[in-house]
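Okay, so here's the structure we're looking at.
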Amino acid sequence: MLPPQLRRAGEGSSGLSSEPTRAYPGTRAWVTAHPLWRLRLARSAARYLLYTACATGLLASARFAIAPPQVRTPPTTAVAPPAADLAAEGYAQLFARRYLTWEAARPQASEQQLAALVGPGVDADGGLTLPSAGEQRVAWSEVVQARELGGGEHVYTVAAETDASGLVYLTVTVKRRLDGRLELAGYPAFVGAPASVPAQDFARRPEVATPELVAVVERALSNYLASSPEELAADLASGARVAVPRMSFALASIERLEWSNDRRSVLAVVKATDERGARYTLGYELDVVLRAGRWEISAIQMDPTT
C-alpha cells in the first residue's frame, strides 16, 4: 500500500498513468508523476531531429541550385616577356654587315673579318666565296625580327641596304655559350620580308632518302633562289605563303638534306651563286606535306605573314 501522502497526491493528477500500483511485502516503492506530453516528446525527439536534418539538407541543395557559390581565383600576375639580348642582336648585325661588305680584290680581308665571328661547324669565311671582280658596301642594317630557339640560341633577321643588291634580308643564328661568349651557330640565309625564321639545327639528322621528295625540294629551292614565284607555285601546297628573296641566285648543289625531329620539315644546306659569280653556302628549312601521293612545300624558311 502507498503511504497516504503519495496516494492523495496521485488522486488529483491527470498526468499519472492509470495502471494500478502494486505493493510487495517488505519493500517501499516511490512513484514520481510525469506529464504525458513530456513522455510523448521524449519518444518523438529522435524523429523530429531527423526531420530537421532532412529539411536543412533540402534547403541547402535548393540554395546551391538557385545561387551556386562563386569560386574566387587569386588574381594572376602578368608575366613580362624576356628582355632582349642586345649584345646578341648587335652580334648578328655585325656579322651581317661583314658578310655583305666585301671587295673581290681583297678576299683575305673578308675572310678574316668573318672568321672572328663564326662558330664550330661553319666555314671560316661563313660559306662565302667572292666573285672575281666587284665590291659591295652596306649603307645601313637593322634587326627586324628575333626568334628564340632555346639553349642560348636566337635567330635574328637583319635588314641591310647594300649599294649593289639594294635592300636584302639575312637571317643569322647567334648562340650564347655557357661562358657568356657569343658565336655564329649555323650558316646564314637570304629570306624575303618580313622574315620569321623557324628553328634550325645543323646537327646530323636522318637523311632524306625519298627520290620524289628530293626532286621536289631541289626544284622548289631552285625556283625560290631564282626569285621565280610563278614556277615555285607548282610545288607549293594550297594556302602556302612564301616570300622569295629580291636577290637572284642559281642553285649549284644540295650539300645536305635531312629530316627535322618531327618529320614535318626538311633541312637543306645548299650551294648557290649570284648574278656576279659570288658563291654562297646557305641553310634552309622547308615544311613538306604528302597529299594524294605527291610531295608539296608548305613553307620555306620563314612565314611572311608574321
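Remarks
- Taking each residue as 0.36 nm, the span from GLN112 to ALA133 lengthens on full extension beyond its C-alpha to C-alpha distance by 5.7 nm.
- Column: log10 I(q)/I(0), Debye, Cα scatterers of the stretch 241-298, q = 0.18, 0.22, 0.26, 0.30 Å⁻¹: -0.74, -0.96, -1.10, -1.19
- Using only side-chain charges placed at the Cβ, +1 for Lys and Arg and -1 for Asp and Glu, the dipole size of the stretch 172-306 relative to its Cα centre rounds to 380 debye.
- For TRP140, TRP295, the ranking by accessible surface with the largest value first comes to TRP140, TRP295, using a 1.4 Å probe.
- The stretch 156-306: C-alpha gyration tensor shape, a/c 1.5 cut-off, then a/b vs b/c: oblate
- Inter-centroid distance (Cα atoms) of the stretch 82-107 relative to the stretch 223-259, Å: 25
- In the stretch 182-306, the portion of solvent-accessible area held by carbon and sulfur atoms comes to 48 percent [1.4 Å probe, whole percent, DNA, RNA and ligands not counted].
- Label-point separation, LEU167 to ASP262 (7 Å along Cα→Cβ), nm: 3.1
- Taking N as its residue count, the alpha carbon Rg of the stretch 96-236 over 2.2 N^0.38 Å: 1.15
- On full extension, the segment bounded by SER238 and THR305 gains 22.6 nm, given 0.36 nm per residue less the C-alpha separation.
- Backbone N under 16 Å from the ALA252 label point (7 Å along Cα→Cβ), restricted to the stretch 86-129: 104, 107, 111, 123-129
The values are calculated or read from the model by the stated rules, or taken from the named source; none is laboratory data. Worth saying up front: this structure is predicted, and the values here are computed from it rather than measured. All Cβ positions, even for glycine, are placed from backbone atoms using ideal geometry, and neighbour counts span all protein chains on display. Accessible surface is based on the protein model in full, side chains and every heavy atom, while ligands, DNA and RNA are left aside. Shrake-Rupley method; radii C 1.70, N 1.55, O 1.52, S 1.80 Å.
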